[in-house]
Structures are given as structure tokens and as C-alpha cells.
Amino acid sequence: MEAGERHLPITNSSIPTRTLTTCANIVAIRKALSWLSTLTRFHAGYFRISLSLCGQALLWKILREPSTDAHALRPIIHILPSAAFFVLWSLALFSLVALCLLYIMRCLFRMENFKAELSHHVGMNYLFAPWISWLLLLDSTPFLHPKTTSYLVLWWVFSVPIVVLDVKIYGQWFTNGKKLLSMAANPTSQMSVIGNLVGARVAARMGWRESAMCMFSLGLVHYLVLFVTLYQRFVGNDSLPALLRPVFFLFFAAPSMASLAWDSISGTFDITSKMLFFLSLFLFASLVSRPALFRRSMRRFNVAWWAYSFPLTVLALAATEYAQEVKGIISNALMLVLSLLSALVTLVLVAFTFLKTGDLLPHDEPFAPSPSGSVRTN
């Protein structure tokens, strides 16, 4: 009996090792499942964050440029240290790279979710967002001159996907039953227009006037058709849930970017640019005068809130170019107010994002079909 009792610990000595191995495997499996769940719930709408930060980088780069206007309020901006712009640009680059890597992982491991997003009337439009972000970052870079070969190559790399997506989306609008423009149009459809206009602006800065005119005409013509379609349908109220109401701000982002693009093409903020800018101001005033429209979307923080920042930034950019052309106290005051407003909104969103990280991802599959047929994502 004593001999048997001596051998008992030796016989069972391997049990703790097997138990630890099993526990480690369970932990690894849970981490893998958690990671795959994150990839499933992630979508292109998160590029709203990089859009906002890259737009801010471009805004503050332009604001730091010298001005000959005696009424210019830009010296107020120069109070900030020059290193602040490089920090902002680096933050925009970091966020964009991180989001791109995460989205590539999603495409590799969750291809079925990517395909669902590709065929979704809202998700498809935000596939323009990463390329727009890269073009904005290229436009604001302090390291490359627009006339260099590297700049040209990067413009091609970032612009070609926009044209490819144009062909797919605009082709569907013309020919595909349930995806005809009258059926699929919603405020996020303006992302395709903005993509063309940003590409046109950057091409004009390189001196590629014909390419700039091509992308500008493509964007502007489709914007006019899209604007009339959305106007008749009361801004697609039946195709968007309350959580996505912040994307209504894209209504004034498109004409603001059009005014900037035409300013770069023509070389001056002429009558056409001013008309587009005034249209942007009118649409902005129309939206902010209806706070009840956004009340339900503000009950709980979600990534759709970032849709407020980018349009405000583009409007501030257009106001900056307008103030540079008109040279007056009122125009400069408007530029300063819109610039500070866009910066404040962006800072608040950054703070909320860090404080409420757990609310960023939806709790279910964003593009899964629902009984009502509406979007279930934020």
C-alpha cells in the first residue's frame, strides 16, 4: 500500500501540464474568435476618422501659409508652434495606415463581409473614403513637392481606385434594377463625387489640367444629378436609420470641395467657386437650423459622429480660399469661425473616441439583412 501511494504522485505529475496546455489553447482560441469578431464588425465607415484628420492637416497647412491681406486673421493661427502641424499630419498618417491595415485583414479573413459591403447601398460609398484620405494627406504633405515624380506616382496610385469604383457605381445607377440611382441614392452617395473632386484638385496642383478637368467634370455632373435626386426624395430619409443622420452633412461637403477643385484648376477663386461656396453655406445653414433631425443620432456615441467633422473641415477650407480672394474683415472672420469650429468638433470627437472605445464597434454584423431592409450599422 505504501509503495502504491509513493507511485501515485509520479503517475499524475503530467496532469497539471496538460491542464495548462488546454487552458492556453482555450485562451488562444478565444483571442482568435475575438479578433475575427472585430474584423466582422469593422467596416469602411471607420475611415470617417482618417477623412477628418487628413482634412484637418490640409486645413492647418493652408492656414499657416503667408497672406498679403491686411485684414487677414491668420497671424492668430501662427501662435501655435510649427511642430503642431507635423504632429497633426503624423497622427493623420498613423490613423490612416492603421485603418488600412485593419481593413486589409478584414478582406483577407472576412471576404464574405467585404462582398456584402461591396453590394450595400451605404457601405459601398465609403470604399471611396480611404483613397480620398490618401489624396488629402498627399495634398497636405510637407515632404513632397507637387511637381516631383513621387508625387505624380502617388496621385495615380490613389486616383485609379476612385475611377474604378466610379465605373462600378455609376454603371449600377444606369443599368441595375434595384440599384438604379432613384432607388439607391442616399447622402453617402456623395462620397463618389467628393472622391473625383479631391482627385481633380490634386491633379491641378501638379499642373495636370486636362486630368483635373476630366475628374472635375465627372464629379460635378454626377453631383448635379445626385443632388436633384436626393432633393426630390427629401434627402433619402427612408433609406437611412437615425444613427446615420450625421452623414447629411455631406450635402455641403460636396459643393465645398467642388469650389476648392475649381479654384485649383482656374488658378483663382472666381465666380464659379464663389457660387459653389455660397451653396455650401446655404446647405450648412439649412442643416444646423434643424437640430431635431440629429437628436436621435446623438443619444449614444458611435463612429457615425465622425461624419460631422470632415464636411465642416472642407467648408472651412473653402472659406479660407474665399477669404484669400475677397480680402475683407467679414470673409476673414467667417474663415476663422469655421476653422475653429471644425477644429473644436474634431478635438471633441477624438476625446470621445478615446474615452468610449467600447462603443465604436457595433454589436452585430453591420451589413447583415434585416427584416426592414435598412442599415443596421453605425
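Before we move on, is residue 106 basic (Lys, Arg), over 22 Å from residue 52 (Cβ atoms) and surrounded by 16 or more Cβ atoms within 10 Å (Cβ to Cβ)? The answer is no for residue 106.
Scanning the range 263-283 for residues that are under 17 Å from residue 197 (Cα atoms) and buried (at least 18 other Cβ atoms within 10 Å of the Cβ) turns up 263, 264, 265, 269, 273, 274, 276, 277, 279, 280. Here 345, 314, 303 are screened, and the one residue that is of a type in the set (A, V, I, L, M, F, W, C) and over 16 Å from residue 60 (Cα atoms) is 303. Under the condition of being in contact with a helix residue (DSSP H, G or I) (Cβ under 8 Å, 6 or more places away or on another chain) and among the aliphatic types (A, V, I, L, M), the residues counted in the range 276-295 number 6.
Within the range 141-168, track down each residue that is among the polar types (S, T, N, Q) and either in a helix (DSSP H, G or I) or within 21 Å of the chain's Cα centre (by Cα) (or both). Residues satisfying the conditions are 141, 149, 150, 159.
When the range 182-227 is limited to residues that are among the small types (Gly, Ala, Ser) and within 17 Å of the chain's Cα centre (by Cα), the one that is farthest from residue 264 (Cα to Cα) turns out to be 189.
Of 204, 212, all but one fail to be among the small types (Gly, Ala, Ser) and in contact with a Lys or Arg (Cβ under 9 Å, 6 or more places away or on another chain); the exception is 212.
Just so you know, all these numbers are worked out from the coordinates, no wet-lab data involved. This is a predicted model, so every value here is computed, not measured. Ideal geometry is used to build each Cβ from the backbone, glycine not excepted, and the neighbour counts take in all protein chains shown.
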